[in-house]
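In what follows, a structure is listed as structure tokens, so that the remarks can point back to it.
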Ligand SMILES: Cc1cc2nc3c(=O)[nH]c(=O)nc-3n(C[C@H](O)[C@H](O)[C@H](O)COP(=O)(O)OP(=O)(O)OC[C@H]3O[C@@H](n4cnc5c(N)ncnc54)[C@H](O)[C@@H]3O)c2cc1C
Ligand code: FES
């Protein structure tokens, strides 16, 4: 076997809650671990922070402090963007923009990014993803605007709105397209995770104190302005998310933060041939077993790549992945009680996440908000009308063919932003529900991160 | 808490906090857009804020195609707006 002696036994890809937990756990079990992340600091999206920021406004900060202390035995490579992972003799080669890292086993923990659906005006400057607004506040101490509308679906809208209030912005309203009362349908899953509810209640308290309007079954259905956003149209939605006629009203704002859940970042698992499936929230997720093993030998998965479920679940999955990867890599037997406890926690947190997703589905009615001129693909400036005509006039029956005919998803972002919406739109035009195959068709990217040609030439 | 970093944008001096991204510093200074799209010439700035969407492309010290949301601002940087995708040397 030609596995190089100096290489890592385990490479952990991504240093968010999942990757950090995996790396620290595997290193404690005696494995030689490399932890690789494109960012300047470890912490991922949940603990995104600046130099000198020691936890103000962060949740569960002591956990990050503990995990960071555990990194003393880990080879930490921040500022390394991974663009490809390939199988090599006896293991894998991880290609980054700063060189290669050989390893025997990989743990993919690359997290997720905001999921979007288009609406007229969503390309105007001043319209941001909800996560982007959160990243500006947490990572850079910058509030995206002065008078902000927060919209979309899912509990993530609450910390975004509360974070803006704390940063001194006026939040003109939080418009939740779903009806979270649906949560009551899963009382057991909810009761078992009371801490999450307390966190949500804390955000609601902040919003109430500032008299921020919180409306459910309501969405931002258009943004207006010439060079920047100046106002939005807000409307009530029926059960399918069609606009209730006559319910439209205008809200003045300089900024919109919008997010319809998250999309797992699956370039690397897909490159490695890992099986994917449709997750509880309708996003494509990678399949992991009780040991966090992917369907590809030598590959483990942790955190939101296995389905969006929040930082606590990411931490549990990271620990499970670290324990089992260490068993494979260096034969360290995990403690059975620990594994049993982690599996119980995983089950409970996953049930909570599924209840949350069930309460916040993205309904197809958003497709009635857009007109044929609304851009669906921001990079290639492809309109909804062009995508629809690729189905109607050119006979395409899946998103991959539409991509080839009409170019949505062919620009620099490679469909990361428009892939989900395009798959849903094409499926609807074909008169069916979107499937895992539809999403798979827009998820395959040979290069996970764009790199310079020089990096490519170096291999 | 943090040190200041001075850089220029369209020839004007902007003061940022050390460690901020070019995009965050521009937004803090009141700029919302600094790129025009290839086909329609429409204005764009930060959208995703985490390196996913490529809406925020900017020219930094003569190099086009930098993602403003990921590029840390350094003292003396010369930042200019970008026209089009500026694929330049980027491959994807
Ligand atoms: C912008 C944004 C902000 C969020 N803010 C919050 C919040 O404030 N509160 C909250 O409860 N939840 C937040 N979330 C949800 C959050 O994703 C999860 O709760 C949690 O962070 C997931 O943990 P993770 O370890 O699976 O992934 P992440 O925390 O997303 O970590 C993944 C890591 O992988 C790295 N990575 C990915 N691809 C590559 C690559 N190709 N090369 C190198 N590195 C790579 C990333 O830089 C990142 O550090 C946010 C999500 C997003 C997208
Ligand atoms: S804002 Fe999306 S890549 Fe910079």
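Only the coordinates and a few stated rules stand behind these numbers; no lab work does. Just so we're clear, the structure is a prediction, and the values are computed from it rather than from any experiment. Cβ sites come from the backbone with ideal geometry, for glycine too, and all protein chains shown count toward neighbours.
Of note:
- Principal axis analysis of the Cα atoms in the stretch A:304-351 yields extents of 30, 22, 12 Å, listed in decreasing size.
- Across peptide B:12-24, the mean count of Cβ atoms from other chains lying within 10 Å of each residue's own Cβ comes to 4.
- Overall Cα dimensions of the stretch A:1-92, principal axis frame, Å, largest first: 49, 28, 18
- The mean number of Cβ atoms from other chains found within 10 Å of a Cβ in peptide A:123-136 is 6, as a whole number.
- Theoretical FRET efficiency, 1/(1+(r/R0)^6), r = Cβ-Cβ of residue A:73 and residue A:430, R0 51 Å, to 0.05: 0.45
- Debye intensity ratio in log₁₀ form over the Cα atoms of chain B, taken at each q of 0.14, 0.23, 0.26 Å⁻¹: -0.44, -1.15, -1.43
- The protection proxy used here, the mean number of other Cβ atoms lying within 10 Å of each residue, ranks peptides A:26-36, A:289-299 as follows, highest first: A:26-36, A:289-299.
- Between 0 and 90°, nearest 10: helix A:419-429 axis offset from chain A longest Cα axis: 50
- Against chain A, whose longest principal axis is taken from its Cα atoms, helix A:311-330 shows a tilt of about 30°.
- Mean sequence separation of contacting Cα pairs (under 8 Å, at least six apart), scaled by the length of chain A, corresponds to a relative contact order of 18 percent.
- Distance between the pseudo-spin-label points of residue B:83 and residue A:230 (7 Å out from Cα toward the beta carbon): 2.7 nm.
- P(r), alpha carbons of the stretch A:116-260 - 10 Å bins starting at zero, rounded %: 12, 42, 34, 11, 1
- Packing-based ranking, highest mean first, of A:47-55, A:361-369 given that Cβ atoms within 10 Å are counted: A:361-369, A:47-55
- Estimated distance in nm for a label pair at residue A:248 and residue A:437, the labels positioned 7 Å out from Cα along Cα-to-Cβ: 3.8
- Partner chain coverage, peptide A:78-84 - average Cβ within 10 angstrom: 1
- Residues A:10, B:14 arranged by fewest to most Cβ contacts within 10 Å: B:14, A:10
- In chain A, the calculated helix contribution to ellipticity at 222 nm averages -10000 deg cm²/dmol per residue, counting -39,500 (n - 2.57) for every DSSP H run with n ≥ 4.
- Comparing the stretch A:240-288 with the 2.2 N^0.38 Å rule of thumb, its C-alpha radius of gyration ratio is 1.85 (two decimals).
- Proxy reagent accessibility, fewest Cβ within 10 Å first, across A:410, A:356: A:410, A:356
- Degrees between helix A:157-166 axis and first principal axis of chain A (Cα, 0 to 90, nearest 10): 80
- Note on the stretch A:370-440: Kirkwood radius taken over Cα pairs, Stokes-Einstein applied at 10 °C and 1.306 mPa s, translational D equal to 138 µm² s⁻¹.
- Most mobile of B:81, B:64, B:43 in a GNM of chain B (Cα contacts under 10 Å): B:43
- Sequence-distant contacts, meaning Cα pairs under 8 Å at least 6 residues apart, place the relative contact order of the stretch B:4-84 at 37 percent.
- The order of A:447, A:376, going from fewest to most other C-beta atoms within 10 Å of their C-beta, is A:447, A:376.
- Annotation for the stretch A:402-444 versus the stretch A:94-171: alpha-carbon center distance of 22 Å.
- Shape of chain A, Cα gyration tensor, a/c cut at 1.5: prolate
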